[in-house]
Structure formats: structure tokens, C-alpha cells
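The values are calculated or read from the model by the stated rules, or taken from the named source; none is laboratory data. Everything numeric in this text was worked out from a predicted model, so none of it was measured. Using ideal geometry, Cβ is built from the backbone for each residue, glycine included, and neighbour counts are taken over all protein chains shown.
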Amino acid sequence: MKSNNRILIIVVMIIGAAACRLLTNYFHLWNFTPIAAIGLFAGATIKDKKLTFLVPLVAMFLTDIILGLHSGLFIIYFCLTIITLIGIWLENRQSPINIFGASLLSSLLFFIITNFFVWFQNPMHAQTIQGLIGCYTIAIPFFGNTIAGDLFFSGVLFGGYALLNSKSKKLI
């Protein structure tokens, strides 16, 4: 029973974080999202490795249906999968400094991979090194929100889970 409660609490927390995407989108807080935090948290807390990847991807897909499907979903889900792998590494190494570092690494990887994809698939960017640098340069103003969102939502998920775990050992 304890295991079932644990997974239910984790899934509800992930779905709640994914729902926050709808709020951040509604308030136009561009890139201040829980995407990386969801992947890190799932990887670090869900023991069943099939669910580790499935839960965050399904949560993201459900919010993407509401927000709108687009051609960049594949690369975002690819990034989420990589970030979930970082979360798996974090599983037995959870500490505030490791969670902070994993969150920053996730932000950086997401920035590098998604903007490379934008440069690669968008004919408005010259397919040269200068075009790639220009694409990354244009994206820099959004990077601060990415970092802030990843750190905030990682803190909420990992901190909330730790608080629940310390307050109610019978549930988790």
C-alpha cells in the first residue's frame, strides 16, 4: 500500500506541475515552465523505469493538447527524456546542491538542444555558424526565465516531496 500511495502522490505532483504550464502560458511567462523539473523529479523518484519516462511525457502531452501541438514537440520530448535520465542519476544523490546543479544542467541542455533545432529547421536563420550564433543570441533573453522556472519548480517538487516524506512516513 505504501508503494501505491507513493506513486500516486508523485504522479499527482507531476500532473499538478504540468498544469502549471497552462498558468504560465496564460500569464505569458515565456519559458518559466516546469518541464525540466518534471523530468528531474520523475527520474529521481519513480522506481519503475517505464513509468519514469511515461508519466512526464504523458503529462506534457496532455498540456500540449490544450496549448496546441506544433512541430517542435519531438525535440522538446527528446529533451525531457534526457532530463529524466539526469533525474535517474540524481535518484540516490538527492541533496539541495545536486538538485540545483541538475536543474541548471537541464536548463542549459534544453537551451542548447531546442535552439539548435530552431536554427536547423528554420529557413530564417542562415545555415552557417554565424546563423547558429545569431539564433542562440536571439534566445538569450528567454534563457533567464528557463533557469528561473527550472529552479523554482524543482524546488517546489523536490521540496514538497521531502516535506511530505518527513511529515507522513505512513503515506510515502
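So that you can scan it fast, the table gives a plain yes or no per residue for (1) among the polar types (S, T, N, Q); (2) outside any helix (DSSP H, G or I):
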position	(1), (2)
Phe74	no, no
Tyr77	no, no
Thr81	yes, no
Trp89	no, no
Asn92	yes, yes
Phe100	no, no
Ser103	yes, no
Ser106	yes, no
Only one of (1) free of Cβ contacts under 8 Å to residues at least 12 places away in the same chain; (2) farther than 20 Å from Ile147 by Cα is not met by Val11, so which one is it? (1)
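Identify the residue in segment 95-111 that is in contact (Cβ under 8 Å) with a residue 24 or more places away in the chain and surrounded by fewer than 17 Cβ atoms within 10 Å (Cβ to Cβ) and, among all such residues, is farthest from Phe143 (Cα to Cα).
Phe100
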Filtered residues of segment 29-70 (kept if farther than 17 Å from Ile7 by Cα and among the hydroxyl-bearing types (Ser, Thr, Tyr)): Thr33, Thr63
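Output the number of residues of segment 10-34 satisfying the condition of being of a type in the set (A, V, I, L, M) and farther than 21 Å from Pro96 by Cβ. First the steps, then the outcome.
Our first condition is that a residue be of a type in the set (A, V, I, L, M); within segment 10-34, this holds for 10-15, 17-19, 22-23, 29.
If we keep only those that are farther than 21 Å from Pro96 by Cβ as well, we get 11-12, 15, 18-19, 22-23, 29.
Residues meeting the conditions: 8.
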Among (1) part of a helix (DSSP H, G or I); (2) at pLDDT 95 or above, the one test that Ala59 misses: (2)
Across segment 15-56, what is the number of residues that are touching a residue at least 60 places away in the same chain (Cβ under 8 Å) and either of a type in the set (Phe, Trp, Tyr) or assigned to a helix (DSSP H, G or I) (or both)? 14
Inside segment 116-172, can you point out the residues that are of a type in the set (Ser, Thr, Tyr) and either in a loop (DSSP other than H, G, I, E, B) or within 23 Å of Asn25 (Cβ to Cβ) (or both)? Thr128, Thr146, Ser154, Ser168
Selection status of Thr81, of a type in the set (Val, Ile, Thr), surrounded by 12 or more Cβ atoms within 10 Å (Cβ to Cβ), modelled with pLDDT of 95 or more and farther than 20 Å from Phe32 by Cβ: yes
Any idea which of Ser71, Ser95 is out of contact with any Gly (no Cβ under 9 Å at 6 or more places or on another chain) and at pLDDT below 95? Ser71
